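I have placed the structure first, in the form of structure tokens, so that the comments after it can refer back to it.
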Amino acid sequence: MEELDIIKRVFLLAVAKREEGESMKDVLETLVNTGMFDLKEGKQVLKELRDSKHIVGENLSMTGAIEADKAEKEFKQ
């Protein structure tokens with residue numbers, strides 16, 4: 001499996017850390033508001049994460065959850 005780039009890892013981590021009741025759209029808008037990417041780029045990243053099965057529906061897959069956990073540990077170093 002190829003290494004995910006930093007933007008995808010941050011996106012997965014944001015999904016993992018979202019508050020109860022927050023939608024995928026809310027997470028996307030939050031990341032856009034941080035300046036990480038514009039809305040068009042963010043939608044493309046979300047599509048790629050769904051295509052790679054890191055995100056299924058509105059939730060992380062097991063693979064996505066593992067990658068989000070790895071990202072969190074990396075960022076805490």
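The values are calculated or read from the model by the stated rules, or taken from the named source; none is laboratory data. Not measured: the values here are computed from a predicted model. Counting neighbours? That spans all protein chains shown, and the Cβs are built from the backbone with ideal geometry, glycine included. Note: accessible area is taken over every heavy atom of the protein model, side chains too, but ligands, DNA and RNA are not part of it. Shrake-Rupley method; radii C 1.70, N 1.55, O 1.52, S 1.80 Å.
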Inset, instruction - Give the residue, chosen from ASP26, ASP5, that is more than 19 Å from ALA71 (Cα to Cα) and open to solvent by less than 90 Å² (accessible area, probe 1.4 Å). - result: ASP26
Legend entry - Residues located in region 20-58, provided they are modelled with pLDDT under 95 and in contact with a His (Cβ under 9 Å, 6 or more places away or on another chain): none
Legend entry - Single unsatisfied condition, LYS17 versus (1) within 15 Å of ASP69 (Cβ to Cβ); (2) at pLDDT below 95; (3) open to solvent by 50 Å² or more (accessible area, probe 1.4 Å): (2)
Inset, instruction - Quick one: count up the residues across region 13-34 that are of a type in the set (Ser, Thr, Tyr) and part of a loop (DSSP other than H, G, I, E, B). - result: 2
Legend entry - Failed criterion for GLY64 (all others in (1) open to solvent by less than 60 Å² (accessible area, probe 1.4 Å); (2) in a helix (DSSP H, G or I); (3) modelled with pLDDT under 95 hold): (3)
